[in-house]
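The values are calculated or read from the model by the stated rules, or taken from the named source; none is laboratory data. Every value quoted in this text rests on a predicted model; they were computed, and no experiment measured them. Heads up, the Cβs are rebuilt from the backbone with ideal geometry, glycines too, and the neighbour counts pull from every protein chain shown.
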């Protein structure tokens, strides 16, 4: 089990604010594929991942989906609850299993409405998340699938302690909004170049510097904005 302060937003809160929220933070095992909320569904909690990664997906009427953003220990899931929306058109699914904490919407709103550092921090995180969503849309429209896969891998690794991801081709295809054959071809390219090792749903990044050199500009745009907007004291070895 992890500590709430393994989430970087919670870690940088003032002691008084953190102390007020701590009794209401509920530990949660976040299993692979767990849906935290569905499109248009009622949201009762916000989630603070510590070791898990959550994908925000847009789902079309025919069931097809594409990832619009990813959140891990640098942020939270459920921004619509403090932005005044209550519901959202996306769904949130655990992409990489791990742990996190959940907080009832009423408890977060109470602290958010007090203003101060929590409000400022959550608004800065929201701005960074919007940048990621915008850049993902641009990337999916203009860049090749192998470049999109590079971006997705790096964003995921920035939120994990290790260099391995457990991910089936089907799930990767859903995340990137492409056919499974496109994912297989893109992963094969990266493996042939010696950047990753992919076998039976496990991806190991074996040359991150070259992966960063291979990725399109979209990854760096997103990372720069997170670095700019979130406190330096929340940074880890990944640079966030």
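Some points to look at:
- Checked against (1) farther than 23 Å from residue 125 by Cβ; (2) modelled with pLDDT under 90; (3) touching a helix residue (DSSP H, G or I) at 6+ places or on another chain (Cβ under 8 Å), residue 230 passes all but condition (1).
- Residue selected from the stretch 43-66 under the condition modelled with pLDDT of 85 or more and under 14 Å from residue 176 (Cβ atoms), by the criterion surrounded by the fewest Cβ atoms within 10 Å (Cβ to Cβ): 58
- Filter result for residue 40 (under 30 Å from residue 172 (Cα atoms) and surrounded by fewer than 16 Cβ atoms within 10 Å (Cβ to Cβ)): yes
- Residues in the stretch 165-195 that are surrounded by 14 or more Cβ atoms within 10 Å (Cβ to Cβ) and not in a helix (DSSP H, G or I): 6 in all.
- Residue check for residue 28: more than 14 Å from the chain's Cα centre (by Cα), crowded, with 18+ Cβ neighbours inside 10 Å and in a helix (DSSP H, G or I): no
- Residue 70, sole failed condition from (1) modelled with pLDDT of 90 or more; (2) within 28 Å of residue 31 (Cβ to Cβ); (3) over 14 Å from the mean Cα position of the chain (by Cα): (3)
- Any hit, the stretch 202-210, residues being under 27 Å from residue 6 (Cα atoms), more than 19 Å from the chain's Cα centre (by Cα) and assigned to a loop (DSSP other than H, G, I, E, B): yes
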